[in-house]
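Accompanying notes for the structure given below.
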Amino acid sequence: MEQSEFYNAKLKSEKSIHDGLKKSDRIFSMIRLLVGASMLISLYFSLLQRSVVFGMIVLIVTVGFIAAVVLHNRLRKKLLHQSRMLDVINEELLYLNGDLSGFEDGGNFKDPEHLYTEDLDVFGKGSLYQRIARVFSAKAKKRLANRLKDNGAQIDLDHQATVKELSAMAEWRIQYRALAHGLVTDDLYSRIRNWIDFKSSKSLILNPIISWGLSTLFPIAVGFILITGRFDMIDWLLIPFGLNLYLFSRQLKSLRKDQGFIDKISGDLDSHKELLELILAQKWSSKTLNELQFGLKQNGQDATEILRKLSKIASRLDSLNNMFGASVFNGMFLYHLHVYRSLLDWKKEHGIALLAWLDVQAEMEVWVGLASFAFNNPDFVYPEPSDTPELSAKQIGHPFINKNNRITNDLTFDGFKLVILTGSNMAGKSTFLRSLGINIILSKLGLPVCAKAMRLPQMKLMTSMKPQDSLNDNQSYFQAEIERLKVLVDDLDKGMLSFILLDEILRGTNSEDKRNGTIGFLEKINPKHLMGLIATHDIEIAELTSKSPTIYSNKYFESYQKDGDLVFDYILRDGVCHTPNATQLMKMKGII
């Protein structure tokens, strides 16, 4: 089944469920209105007639109204989730049609100093980030960005297995993403970290022996009066009551601060808890996903079970807002002091683990995005790692170009290190360089690549394709390019195998200076541990191949005239291009 067929069938199925829930929602709204009106009418007649019968009716109708509200709220939660399911499916259908507007572009993660992300459109509108991103939490967004920037990442077969496993679970991924739609977009991780770092009360009154001992004073006094019949001593109950209330008030300020932290995170944790339940409920086969699942267990308990305990503690603390009830219960039993101790015990035992659980959830968000990319590109193949410094690619193309318009080419590094790529304007040199770069990034992510087959070694990726001038740094375009090349040379000196992509370097100088500078740069780097391509219009640079055939190889893209028009076939050929087309293009446009 084609991806679009799957999503359309899924959309139809989920919309049917959504419509049913919508109908039930309207029915419940009517029931609540009728029951509410009945409750008011019954109350009116109860007061008017002073009738016990009407009073019982009021009680029954009130219970019915409360039940209707509870059930309706549950229904609306399901309806909201179902709406998010439809949103997720529609986003993927738009994606398949080339509309990426439903996904963040990661523009805030741009880094002009990075060794390849700017040149290869990793961040920004229409970027690789936007095509992969299925992330909602702040932590997951940072993790995906860091993964894309990680130049030390290498092909990992287990990562490929992880992507394969998740890409086959399309319905599970839709469910996961629908739940993730409910996540807050700010950094919940930081708020929890602040709570963990907050120095809560360490008063002796919170010692279990002391607090439980004080809690028994009032009940013991009451029991003594009831057993002995000394009701004349009832005023003495004010002593343990007042003492407990005083001791509680001494902890109230600290308790309120901890409660403030919990109020800020407990509601948001509910959405995360549902996501963790999905992870825990699944039986995984890949090593990576099993490790993630194992990370959600602590001392034989699941993370969701432990989080439910925190929710109960937070719920008990809510009663502190009723000052009259809080005064009575704390004066008699130090109730909220015991709840507070439970909260501090929870923080001490599980606080750090909670951060780890959010890491697991954020990591799964990233994997879901990677798997969605793989699922949406079923014609891509998983690359093979090579033990030798050779790269081969069969029918490799640019993954951003629609497959109906995509032209693919073969390339194999066999007995040489650098390809000198020549070609006329608009013939496809820059696109081919980016095709190689983007596919290398995909391979490092554990993703399939846009090719029929690809084999590559573990290596770093380095580019110099479109350096930018900087008014803020008072730096010209040419100076920015020189600085960029200096960074590449320094990094090559570190000795790790690197794949380098250069597009028409030294454009900001005259032809002879550019040629001499380019040749000098290539001679400087060719002894290094590298492979790569350099695109140029200068065919004299291609003469390096005849001098050093074990280092250089010539490839080119061609253009030709047909019926008075320039035609580009974007086919990579062996050799050197000898047909520049700038003059022809200017004549065709009437410029000259």
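Descriptive notes on the structure:
- Residue match in the stretch 378-387 (condition: in a helix (DSSP H, G or I) and within 16 Å of residue 163 (Cα to Cα)): no
- Residue within the stretch 272-284 that is in contact (Cβ under 8 Å) with a residue 12 or more places away in the chain, out of contact with any Cys (no Cβ under 9 Å at 6 or more places or on another chain) and farther than 24 Å from residue 192 by Cβ present: yes
- When residue 175 is tested against (1) touching a helix residue (DSSP H, G or I) at 6+ places or on another chain (Cβ under 7 Å); (2) buried (at least 17 other Cβ atoms within 10 Å of the Cβ); (3) part of a loop (DSSP other than H, G, I, E, B), just one condition goes unmet, and that condition is (3).
- Residues located in the stretch 547-569, provided they are part of a loop (DSSP other than H, G, I, E, B), at pLDDT 90 or above and within 45 Å of the chain's Cα centre (by Cα): 550, 551
- Test: residue in the stretch 328-346 that is hydrophobic (A, V, I, L, M, F, W, C), farther than 15 Å from residue 314 by Cβ and without any contact (Cβ under 8 Å) to a residue 12 or more places away in the chain: yes
- Test result for residue 345, of a type in the set (D, E, K, R) and within 20 Å of the chain's Cα centre (by Cα): no
- Filtering the stretch 531-580 to residues that are on the phi > 0 side of the Ramachandran plot and either in contact (Cβ under 8 Å) with a residue 60 or more places away in the chain or surrounded by 12 or more Cβ atoms within 10 Å (Cβ to Cβ) (or both) leaves 532, 570, 575.
- Meets criteria (loosely packed, with under 11 Cβ neighbours inside 10 Å, assigned to a helix (DSSP H, G or I), in the same structural domain as residue 348 (by TED's automatic domain parsing) and over 52 Å from the mean Cα position of the chain (by Cα)) for residue 226: yes
- Top-ranked residue in the stretch 402-424 [being among the aliphatic types (A, V, I, L, M) and either not in a loop (DSSP other than H, G, I, E, B) or not assigned by TED's automatic domain parsing to the domain that holds residue 536 (or both); ranked as surrounded by the fewest Cβ atoms within 10 Å (Cβ to Cβ)]: 411
- In the stretch 126-165, the residues that are outside any helix (DSSP H, G or I) and out of contact with any strand residue (DSSP E or B) (no Cβ under 8 Å at 6 or more places or on another chain): 126, 127, 133, 134, 135, 136, 137, 150, 153, 156
- Selection of first residues in the stretch 79-97 that are over 15 Å from residue 5 (Cβ atoms) and of second residues that are part of a loop (DSSP other than H, G, I, E, B), restricted to Cβ pairs under 6 Å at least 6 apart or on distinct chains, gives the following pairs, ordered by first then second residue: 84/181; 91/102; 94/102.
- Test for residue 111: is it crowded, with 19+ Cβ neighbours inside 10 Å, part of a loop (DSSP other than H, G, I, E, B), charged (D, E, K, R) and not assigned by TED's automatic domain parsing to the domain that holds residue 460: no
The values are calculated or read from the model by the stated rules, or taken from the named source; none is laboratory data. On a predicted model such as this, the values are computed, not experimentally measured, just so you know. Glycine gets a Cβ as well: all are built from the backbone with ideal geometry, and neighbour counts include every protein chain shown.
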